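The values are calculated or read from the model by the stated rules, or taken from the named source; none is laboratory data. Computed from a predicted structure; not experimentally measured. All Cβ positions, glycine included, derive from the backbone under ideal geometry; neighbour counts span all protein chains shown.
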Amino acid sequence: MKERVRVHKVRLGGDEFRVIRPEPSPARLALRDDHHWLSMYVDRAGAERLVALWALAARSARSLIHLPIRANPAPEGVVGVVDGGDGGDGGDGGDGEPVALDLLLLHHSLRFPTASWKPVRSRLDTGRPQTTATPDRDFPDEDAIDHERRFYRSYRDHLAFDIAAHTLFVVGSPTAFREHGTALRGLVDEAPSFPYRFPHAGHFCVELNSGPWARIRNRRRLSATLHIQYSADWRV
């Protein structure tokens with residue numbers, strides 16, 4: 001998988017951060033904090049780019065992968081979606097309406113403080129253009145993943161979610177990104193043919209979970225589920 005990106009280097013205090021952004025930013029990819037859950041919407045092109053950037057994140061232990069998508073409208077038919085603006089650091093819309101978010105993918109080994117994201121983002125320059133490449137099949141086969149081990153107390157390869165500066169942080173290890181990337185590939189491999197194979201079924205979606213599957217909310221009361229819905233006929 002190939003993806004055109006821009007690579008930015010930002011200094012904040014004594015630290016330097018490497019931020020990678022897609023070029024151009026995906027147009028058919030929208031993310032909302034609905035307060036009950038986190039909702040993302042993709043079409044075929046958006047799904048392909050999300051998968052490519054997710055694979056890049058799995059291999060980029062020292063980089064922040066930033067998708068600036070909060071200005072993107074959600075598909076027609078999504079009720080109550082509003083833009084979240086740029087004020088504040090949280091995802092609380094105040095009146096309970098959904099809030100538009102960017103997406104940031106990063107490894108937990110970076111120990112990046114969410115409070116630093118807003119000043120880092122404000123210092124981004126034009127960046128350096130680059131083309132990245134990851135193997136087309138960079139994620140394990142579904143039958144190679146031991147899902148049962150995610151219930152063990154000793155298991156540490158969960159994803160973690162957080163929100164700051166109208167950005168959803170998805171934090172994990174290389175294993176967490178790769179194993180959850182297998183589910184994401186369904187948005188490319190299975191979703192386009194889903195209406196023909198199951199004409200009376202509902203929409204095709206993938207759900208990613210933060211922490212153990214039994215959780216509904218994480219410790220900051222943020223939804224522990226990211227619901228990603230495939231929208232073949234994207235109208236706004």
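All conditions but one from (1) without any contact (Cβ under 8 Å) to a residue 60 or more places away in the chain; (2) farther than 20 Å from E179 by Cβ; (3) not β-branched (V, I, T) apply to R28; the one that does not is (1).
For segment 185-206, the criterion of a residue being within 24 Å of I65 (Cα to Cα), in contact (Cβ under 8 Å) with a residue 60 or more places away in the chain and under 14 Å from the mean Cα position of the chain (by Cα) is satisfied by at least one position. Evaluated against (1) out of contact with any strand residue (DSSP E or B) (no Cβ under 7 Å at 6 or more places or on another chain); (2) more than 23 Å from R235 (Cβ to Cβ); (3) at pLDDT below 95, E76 falls short on exactly one condition, (2). A residue that is surrounded by 12 or more Cβ atoms within 10 Å (Cβ to Cβ), assigned to a helix (DSSP H, G or I), of a type in the set (G, A, S) and modelled with pLDDT under 95 occurs somewhere in segment 187-195.
Each row is one residue, and each column tells you yes or no for (1) assigned to a loop (DSSP other than H, G, I, E, B); (2) in contact with a Pro (Cβ under 6 Å, 6 or more places away or on another chain); (3) not polar (S, T, N, Q).
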site: V5; (1), (2), (3): no, yes, yes
site: I20; (1), (2), (3): no, no, yes
site: R32; (1), (2), (3): no, yes, yes
site: H36; (1), (2), (3): yes, no, yes
site: E48; (1), (2), (3): no, no, yes
site: P75; (1), (2), (3): yes, no, yes
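Yes or no: I216 modelled with pLDDT under 95 and in contact with an Asp or Glu (Cβ under 6 Å, 6 or more places away or on another chain)? So I216 does not fit the description; no. Suppose the filter is farther than 20 Å from V7 by Cβ, surrounded by fewer than 18 Cβ atoms within 10 Å (Cβ to Cβ) and either touching a residue at least 12 places away in the same chain (Cβ under 8 Å) or under 19 Å from the mean Cα position of the chain (by Cα) (or both); does D136 pass it? Yes.
Quick grid of which residues meet (1) at pLDDT 90 or above; (2) in contact with a strand residue (DSSP E or B) (Cβ under 6 Å, 6 or more places away or on another chain):
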residue	(1), (2)
G127	yes, yes
Q130	yes, yes
D136	no, no
R149	no, no
Y152	no, no
D162	yes, yes
H166	yes, no
R178	yes, no
